[in-house]
Amino acid sequence: MAGVTRPMSQMRKLETKEALFRARKRILKYLVLGYLKQEGFFHTADTFASEAALTGEYEVCDNIDLDIILQDYCSYYLIRFNKQPQFCRKVEERAPRRPQTRKTRERTEPLVSAEECVKDEVDLPSTFTVTKLLKDEQTIQSIPAVDRKPLAGFLSHASHDKKQLVELLYQDIIRPTGVTWDDVKGLASAKSLLMESVVYPVRYPEVFTGLLEPWRGVLLHGPPGTGKTMLARAVAGESCCTFFNVSCSTIVNKWRGETEKIIKVLFEMASYYSPSIIFMDEIETLASDRSSPGEHEASRRLKAQLLTEIDGIGGREGIIFILANSNMPWDIDPAMLRRLEKRIYIPLPEFKTREELFQKYLTAKNVELFPKVDFKELASKTEGYSGSDIKLVCKEALMSTVRKLLPSMSVKGHVASRKDRLDLSEILTAIEKTKPVSKNLTKRHVEWQNEMGCS
């Protein structure tokens with residue numbers, strides 16, 4: 001009969017209870033994740049999401065969070081029991097155990113004769129080593145501020161909209177990747193200028209005061225593939241600063257006024273986590289010349305806000321340094337160039353640098369050169385090549401040996417133990433196939449550096 005409801009079986013009841021239990025556990029996890037993000041504990045939230053295996057399949061509803069649930073429960077408990085619920089209790093502190101003195105030992109320990117003391121005597125070392133338990137100030141300063149300062153302190157009085165912007169910008173903070181000055185071949189003058197501009201003011205702030213206050217910004221310009229981004233990564237690793245990697249996708253927003261808010265919050269975060277570096281790759285896309293035809297109002301407002309924040313009229317604490325890269329510095333707005341006080345030209349690699357690059361890429365563990373290759377000969381044949389072009393040449397030469405092995409590769413475990421054997425003819429063939437991209441751009445960069453540079 002249609003109107004008769006059959007009772008659920010025992011197994012069905014158990015499955016229903018287990019499904020409800022799993023649903024409650026899932027809801028709790030997502031509520032905790034939402035609360036952590038709301039309070040600014042983004043690193044903890046990422047760790048929790050990975051450990052709890054949470055995916056983007058679910059999200060907390062707009063009108064629900066842990067704070068609302070707690071308030072509703074407190075109201076219910078007050079109506080039901082006429083008192084506020086107690087969630088936490090103070091842990092009782094145990095009395096510290098005092099070390100035994102001579103008098104207390106005499107009271108507690110039995111008397112022992114001198115002969116027994118000689119028998120039970122323990123050999124003590126003649127010297128002792130005292131280890132310093134507290135870290136000195138220099139070691140503490142070597143830890144980036146993003147690892148020392150909790151984000152909750154910055155978000156203590158922030159609105160909900162501002163917290164969302166902070167969460168967006170926090171993802172652009174890059175931890176040190178292990179790149180050092182030694183990983184950047186050549187460019188000795190550029191390294192020295194970056195040390196003076198970024199690293200030394202952070203290490204010795206008492207020296208860079210008054211007229212010697214730190215530079216506000218540095219522009220690295222040159223043909224593509226010359227190592228500008230690699231220099232920025234080395235600066236991030238050597239300076240122990242908070243490194244913000246800013247791009248158009250982060251700053252530009254389709255809603256009116258949101259872009260200016262993002263820029264303002266970016267500089268507030270950089271001040272909170274100072275000393276900080278704000279890295280802008282391809283800065284001509286963000287700060288192009290405002291006198292160019294077809295300039296949109298939104299683009300003008302973006303540049304005006306960016307220029308105002310860099311000047312810092314309101315006065316912010318700590319060091320905020322702007323590091324910018326550009327392949328077309330002649331398209332940058334003059335007001336932005338004035339704020340980028342150091343404008344450094346990154347040239348194509350010289351003969352010795354090209355030799356070092358070939359030696360770096362072709363002396364790997366899985367590469368065998370036969371017969372012995374003269375790197376100076378390779379460097380002489382690649383004049384006008386950038387560092388990226390040389391890397392592409394080495395990749396093409398290795399790929400020529402792999403192409404011969406691809407048809408016979410059937411077992412996956414065979415690939416890990418292989419060793420590529422390179423011949424000089426294969427490298428020369430790769431040089432002939434790979435044409436330099438940046439060779440014809442050098443002249444214009446040199447002319448611009450002679451006219452507008454400051455290094």
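I need the peptides 55-61, 178-184, 343-349, 327-333 ranked by packing, meaning the mean over residues of other C-beta atoms within 10 angstrom, with the highest value on top.
On the way: 55-61: 9.4, 178-184: 13.7, 343-349: 22.4, 327-333: 18.6.
Result, highest mean Cβ count within 10 Å first: 343-349, 327-333, 178-184, 55-61.
Quick one: 3J(HN,Hα) in Hz for segment 442-455, Karplus 6.51/-1.76/1.60 with θ = phi - 60°, rounded, Gly and Pro as x.
5, 4, 5, 5, 5, 5, 5, 5, 5, 8, 10, x, 8, 10
Please report C88, C248 as a ranked list, fewest other C-beta atoms within 10 angstrom at the top and most at the bottom. Spell out each step's value before the answer.
Details: C88 5, C248 12.
Sorted ascending by nearby Cβ count, the order is C88, C248.
In terms of modelled amide H atoms, which long-range or inter-chain residues lie less than 5 Å from the amide H of G222?
Here the answer is S326, I346, since their amide H atoms fall under 5 Å of that of G222.
So for S388, S380, fewest C-beta neighbours within 10 Å to most, what's the order?
Working: S388 19, S380 12.
Lowest to highest Cβ neighbour count: S380, S388.
Across segment 400-405, in residue order, what do the Karplus-derived ³J(HN,Hα) couplings come to in whole Hz, using 6.51 cos²θ - 1.76 cosθ + 1.60 with θ = phi - 60° and x for Gly and Pro?
5, 6, 5, 4, 6, 8
Averaged across orientations, what area in nm² does the convex hull of the alpha carbons in segment 253-347 project? Walk me through the intermediate numbers first.
Details: hull surface 26.5 nm².
Projected over every direction and averaged, the Cα hull of segment 253-347 covers 6.6 nm².
In the structure displayed, which of K25/K83; K228/K439; K228/K261; K372/K435 lie more than 23 Å apart, Cα to Cα?
Details: K25/K83 28 Å; K228/K439 16 Å; K228/K261 29 Å; K372/K435 25 Å.
Cα-Cα > 23 Å for K25/K83; K228/K261; K372/K435; rest within.
Out of residues 5 or more away from F243 or on other chains, whose amide H comes under 5 Å of its own, with H placed 1.01 Å from N in the peptide plane?
Here the answer is I174, I277, since their amide H atoms fall under 5 Å of that of F243.
Quick one: which of K29/K90; K37/K391; K264/K391; K162/K185 span more than 30 angstrom between C-alpha atoms?
Distance filter (> 30 Å) returns K37/K391; K264/K391; K162/K185.
What are the ³J(HN,Hα) values, in whole Hz, obtained from phi via the Karplus relation 6.51 cos²θ - 1.76 cosθ + 1.60 with θ = phi - 60°, for each residue of segment 290-307 in sequence order, with x given for Gly and Pro?
6, 7, 5, x, x, 5, 7, 5, 4, 5, 5, 5, 4, 5, 4, 5, 5, 5
Starting from the amide H of L422, placed 1.01 Å from N in the peptide plane, find each other amide H under 5 Å away whose residue is 5 or more places distant or on another chain.
Placed amide hydrogens put E368, L369, F370 under 5 Å from L422.
Can you compute the equivalent ellipsoid semi-axes for segment 145-345, i.e. the square root of 5 times each eigenvalue of the Cα gyration tensor, sorted largest first and rounded to whole Å?
Details: eigenvalues 123, 100, 51 Å².
That gives 25, 22, 16 Å for the three semi-axes.
Rounded to whole Å, give me the distance from the Cα center of segment 199-217 to that of segment 25-87.
Centre-to-centre (Cα) distance: 45 Å.
If packing is taken as the mean number of other Cβ atoms within 10 Å per residue, what is the order of 158-167, 62-71, highest first? All intermediate terms of the calculation are to be shown ahead of the outcome.
Working: 158-167: 14.9, 62-71: 11.0.
Top to bottom by mean Cβ count within 10 Å: 158-167, 62-71.
What ranking, highest mean first, results for peptides 216-223, 239-246, 24-31 when packing means the other Cβ atoms within 10 Å averaged over each residue? Walk me through the numbers on the way to the answer.
Numbers: 216-223: 24.8, 239-246: 23.0, 24-31: 13.8.
For the peptides 216-223, 239-246, 24-31, the packing ranking is 216-223, 239-246, 24-31.
For a quick check: sort E447, E268 by the number of other beta carbons within 10 angstrom, fewest at the front. Spell out each step's value before the answer.
Numbers: E447 11, E268 18.
So the residues, fewest neighbours to most, are E447, E268.
Would you kindly state how much longer the chain becomes between K395 and M11 on full extension, computed as 0.36 nm times their sequence separation minus their alpha carbon distance, in nm to one decimal?
On the way: separation 384, 0.36 × 384 = 138.24 nm, distance 6.18 nm.
Between K395 and M11, full extension yields an extra 132.1 nm.
Values quoted throughout were computed directly from the atomic coordinates according to the rules given, and no laboratory measurement underlies them. The model shown is predicted, which means the values in this text are computed figures rather than measured ones. All Cβ positions, even for glycine, are placed from backbone atoms using ideal geometry, and neighbour counts span all protein chains on display.
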